[in-house]
1. With viscosity set to 0.890 mPa s and temperature to 25 °C, compute the Stokes-Einstein D of segment 145-225, Rh being the Kirkwood radius across alpha carbon pairs; µm²/s, no decimals.
2. Given a Förster distance of 45 Å, report the FRET efficiency between residue 45 and residue 3 from their Cβ-Cβ distance, rounded to the nearest 0.05.
3. Could you grab the relative contact order for the chain? Cα pairs under 8 Å, six or more apart, rounded to a whole percent.
4. I'd like the antiparallel share, as a percent to the nearest 5, of DSSP beta bridges with both residues in segment 1-110.
5. Using DSSP, restrict attention to beta bridges with both residues in segment 45-151 and report what percent are antiparallel, rounded to the nearest 5.
6. Please find the FRET efficiency linking residue 71 to residue 29, where r is the Cβ-Cβ separation and R0 is fixed at 22 Å, and quote it to the nearest 0.05.
7. With every atom except the alpha carbons ignored, what do you get for Rg and Dmax of segment 9-118, in angstroms?
8. Springs between alpha-carbon atoms under 10 Å, Gaussian network over the chain: tell me which of 86, 178, 34 tops the mean-square fluctuations.
Amino acid sequence: MDDAPQPSHVRGDTSQPLLHETVGQLLARIACTWPDGDALVVPPQGVRWTWREFDAAVSRVAAGLLALGLEPGERIGIWSLNRVEWVLLQFASARAGLVLVNINPAYRSHELEYSLRQVGCRALAMPAAYRTSDYLGMLRGLAPELDASAPGQLHAARLPDLRHVLLLGPEGDAAGAWRFDAIAACDDPAALARVAALQDRLDPHDPVNIQFTSGTTGAPKGATLTHHNIVN
């Protein structure tokens with residue numbers, strides 16, 4: 001019987017190097033390599049985009065987010081089921097240097113409040129409702145100030161960091177909310193130029209995503225992922 005100490009750390013094959021690029025750079029490279037290939041197909045929303053079209057749409061959304069006044073490093077929450085806007089925000093937030101916070105669409109008000117406060121979300125993208133879930137109603141319960149605010153000027157006592165609410169789809173309305181489609185249509189040359197200039201300044205090791213654990217042993221904890229994590 002061999003009682004010699006055994007290694008406790010095993011290192012896998014390193015002949016294939018990890019990719020050292022941001023999410024935005026990866027998308028740009030793929031769009032350049034296969035511009036006319038299918039990138040995103042969402043039949044319920046009538047969307048079928050090539051990589052070229054998707055890449056351009058992502059840049060417009062990124063420009064729209066920066067035009068709101070959001071700054072690289074700030075957090076934007078996505079509280080939604082699967083839809084086109086979810087995918088756009090995943091890539092656009094990364095291209096804008098923002099950190100996308102995934103919020104479980106099954107969360108109730110107290111869980112939403114905990115998540116938004118925990119990471120200091122400056123913006124929240126969400127549909128007004130889905131089936132029996134009244135998302136806008138739950139948000140109003142936490143931030144009744146929404147209906148008396150101008151878009152981008154929310155100051156809610158229970159959600160002190162939140163300034164922007166982006167409504168996905170045509171349903172629902174609130175005085176203090178933006179329409180995501182208007183943000184996604186940004187064609188402001190200055191904002192688009194800022195997005196382009198950012199690409200060489202963003203670092204693959206910058207944070208890009210926060211995902212909350214299930215919280216089975218306590219309150220959910222946000223795990224932070226970088227461009228490097230996501231790309232590889």
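The values are calculated or read from the model by the stated rules, or taken from the named source; none is laboratory data. Treat the numbers as computed from the prediction; the structure is a model and nothing was measured. Quick reminder, even Gly has a Cβ in these numbers, built from the backbone with ideal geometry, and neighbours come from all protein chains shown. Calculation scope for accessible area: heavy atoms of the full protein, side chains included, ligands and nucleic acids excluded. Shrake-Rupley method; radii C 1.70, N 1.55, O 1.52, S 1.80 Å.
1. On the way: Rh = 16.0 Å.
Translational diffusion coefficient: 153 µm²/s.
2. Working: r = 63 Å, r/R0 = 1.40.
Here the calculated transfer efficiency is 0.10.
3. 21 percent
4. Values: 4 of 9 bridges.
About 45 percent, rounded to the nearest 5.
5. Here the antiparallel bridges make up roughly 10 percent for segment 45-151.
6. Working from the Cβ atoms, E equals 0.25.
7. In Å, with Rg to one decimal and Dmax whole: 16.6, 49.
8. Of 86, 178, 34, the most mobile in the Gaussian network model is 34.
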